[in-house]
Amino acid sequence: MTSAGMLASRLEYARFEKDRWKQVTQVDWKSIKDENVKRQFKVLSKLGTAALPEDRLEKYDQLQSGMERTYSTARVCNLNGTSCDLSLEPDLSEIMANSRDPEELEHVWLAWRENTGKKMRNSYKEFVELINEAAELNGFSDGTELWLDVYDTADFQSQIARLWDQLTPLYEQLHAYVRGRLRQHYGEEVVSRDGPIPAHLLGNMWSQSWGNLLDICKPYPEKASVDVTPQMKAQGYTPLKMFQMSDEFFTSLGLIPMTPEFWNRSILEKPDDGRELVCHASAWDFYDGKDVRIKQCTVITMEYFVTAHHEMGHIEYYLQYARQPQVFKTGANPGFHEAVGDTLALSVATPKHLKKIGLLEEVINDPEVDMNFLMSVALDKIAFLPFGYVMDKWRWGVFSGDISEDDLNCEWWKLRLGLQGIEPPQVRSEMDFDPGAKYHIPGNVPYIRYFVSFIIQFQFHKALCITANQYDPNDRARPLHQCDIYNNKEAGKKLAKMLSMGASKPWPDAMEAITGQREMDATALRDYFQPLEDWLKRENQENQEIIGWKTDEPVCT
Ligand SMILES: C=C(C[SeH])C(=O)N1CCC[C@H]1C(=O)O
Ligand SMILES: [Zn+2]
């Protein structure tokens, strides 16, 4: 469909939404006795960006599709300039993951931002005005209030702040350890003893997950690591096989199998016919209970094997709530939708499970191999937390006006430095717009959902592992991080019960259906990583690593 065609259908749908909204506002729905019907009206009483006058909605769509096009068509040159059509997936992501040449990493890091964020700065400023205009037309003060309404939680931002405060000590231990290993690898000239970590050395274009540093950060380098990418390649894994394996895990729990439409209509690898594609992985629901799809430019790596489970989690949720009324065909809250696949992936990634599926020769019952595994999970999950927070803490500040449009980039780096303890390879300025280098900013996808997911997935995992008799808080022989719920129908039944609710009840009810709790709680995450946290404290003490980082060096002027 052409962008003009997409725009026309967007406007047509906005007219439909506005007519429906007008009808709803004429009903005294708040006095309806039936809780389920009242909840449906409450959802329909919110209009979102369709509240904008058509000319402003057209501008909103044009700005967003322009920024997304800039992002998805960006190409950069390699370090020596011999090739200038490197795309993010797979070329630049592969370099950021595997290169150990600081000069090459710095070049790619800077070039990507030069060709994406920097080109979006003015569009984004205008875009923010339209988001706030839409918010006000919905009776909200700004875009932040509009975005957080879906959580229906009065003190949501302070709950997030409290969760981060609880997890900061664990993050600081991991940060100190990783900085120490990077300093050993690159030398003190490149990585200091007490400063922030250079962002381009962390194995990821946005420093959001550090799992690609396992070779440098493995606690016991001589022992097996659990990155089974080599085995996947040796066994001739294809993108299709990766998704079939994921489907098999879901059905082993008694969950709904992928549909024929899914297998016939999904795009599981980057097309080689020159079609431009937004390669960022995504899942799609066509709301008929059968036509569900994934779009993913899959590469044969363990990282993408885990991402496949993440996306399949969205698909399973779509299938489970397919019989709900239309307005309830979504997650209990956006964090729930992001947590489903990741919860199952916590079982899939265990050495025990990788052996079951033939990707690990043997599971050595060796505490050092175990620590290598825990480190691999922490490099993804713990490292991610402050990034997940920064992405929307910055946007909440921009929408509310706490962050002025003249300070967009330096306020971004103030948060990146303060919460993540990272610094850019070169001092940045307000001529740059580094937030635009991350898909979810031009794509206008809220991000706190991933922070919420990384907390609640451990609550779900802990509850399902107890149900599957794979974890007993009082039995050190069965620690949480070794749990694999594969094949357990009881755990699957408990998960399906929550998934089938969709958004028909407030999210604490859905949380209670699985965990017995009614709020987000970081205790399960801390329980999971306790053995590693103890090890990190000892290791950092022995190596006299400094915990925390200096923030006096300028990162943006
Ligand atoms: C996989 C998806 C699509 Se819903 C994603 O955007 N994620 C999953 C983890 C965090 C975030 C990212 O890639 O930045
Ligand atoms: Zn997702």
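The values are calculated or read from the model by the stated rules, or taken from the named source; none is laboratory data. A quick note: this is a predicted structure, and the numbers were derived from the prediction, not measured. Note: ideal-geometry Cβ built from the backbone for every residue, glycine included; neighbour counts use all protein chains shown. Ligands, DNA and RNA are excluded from the accessible area calculation, which covers all protein heavy atoms including side chains. Shrake-Rupley method; radii C 1.70, N 1.55, O 1.52, S 1.80 Å.
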Fraction of antiparallel bridges per DSSP, the chain only, in percent to nearest 5: 55
Here the tail fraction of P(r) beyond 26 Å, over all Cα-Cα pairs of region 206-354, rounds in percent to 29
Where the chain is the region considered: accessible area per residue in Å², 1.4 Å probe: 42
Quick check on packing: order 310-318, 38-46, 465-473 by the mean number of other C-beta atoms within 10 Å, highest mean leading. 310-318, 465-473, 38-46
Considering amide H positions built from the backbone, and no H for Pro or chain starts, which residues 5 or more places from Ile267, or on another chain, come under 5 Å of its amide H? Ile294, Lys295, Gln296
Charge dipole (the chain, unit charges on Cβ, about Cα centre) - positive-most of Leu240, Thr82, Leu532: Leu240
Using Cβ-Cβ distances only, list the Cys residues of the chain with no partner cysteine under 4.7 Å, sorted by number. Cys217
Backbone HN-Hα couplings from phi across region 184-197 [Karplus 6.51/-1.76/1.60, Hz, Gly and Pro as x]: 4, 6, 9, x, 5, 5, 9, 10, 7, 6, 10, x, x, 8
Reachable lysines, given that their alpha-carbon falls under 19 Å from the alpha-carbon of Lys290 and they are not under 8 places away in the same chain: Lys329
Among the listed pairs Lys241/Lys381; Lys438/Lys489; Lys352/Lys462; Lys270/Lys414, which have their C-alpha atoms separated by more than 28 angstrom in this model? Lys438/Lys489; Lys270/Lys414
For the chain, what is the largest minus smallest coordinate of the Cα atoms on each principal axis, given in angstrom and ordered from greatest to least? 69, 55, 48
Per-residue ³J(HN,Hα) for region 257-272, Karplus 6.51 cos²θ - 1.76 cosθ + 1.60, θ = phi - 60°, Hz, x for Gly and Pro: x, 5, 8, x, 4, 4, 5, 7, 10, 6, 10, 9, 8, 4, x, 9
In region 146-262, carbon and sulfur make up what percent of the accessible area (probe 1.4 Å)? 51
What is the Rg over Rh value, at two decimals, for region 1-151, using alpha-carbon atoms and the Kirkwood definition of Rh? 1.15
Scoring the chain by relative contact order with C-alpha pairs under 8 Å, at least six apart, yields a percentage of 20
Sorted by packing (mean other beta-carbon atoms within 10 Å per residue), highest first, where do 537-548, 482-493, 221-232 land? 482-493, 221-232, 537-548
Would you pull out the residues with amide H under 5 Å of Ile197's amide H, same chain only if 5 or more places away, H placed 1.01 Å from N? Ile422, Glu423
Show me, for region 285-301, the HN-Hα J-couplings you get by feeding each phi into the Karplus relation (A = 6.51, B = -1.76, C = 1.60, θ = phi - 60°), rounded to Hz, glycine and proline as x. 10, 9, 6, 10, x, 10, 7, 10, 9, 10, 10, 8, 8, 5, 10, 7, 9
Quantify, in whole percent, the carbon and sulfur part of the accessible surface of region 340-461 (1.4 Å probe; protein heavy atoms only). 48
Burial order of peptide ranges 258-266, 290-298 (average beta-carbon count within 10 Å, highest first): 290-298, 258-266
With +1 on the Cβ of every Lys and Arg and -1 on the Cβ of every Asp and Glu, the dipole magnitude of the chain about its Cα centre, in debye rounded to the nearest 20, is 1560
Can you list the aspartates and glutamates whose alpha carbon sits under 18 Å from that of Lys38, skipping same-chain ones fewer than 8 residues off? Asp28, Asp149, Asp152, Asp509
What does the helix-only formula give at 222 nm for the chain: each DSSP H stretch with n ≥ 4 adding -39500 (n - 2.57), the total divided by the residues, and the result rounded to the nearest 500 deg cm²/dmol? -17500 deg cm²/dmol
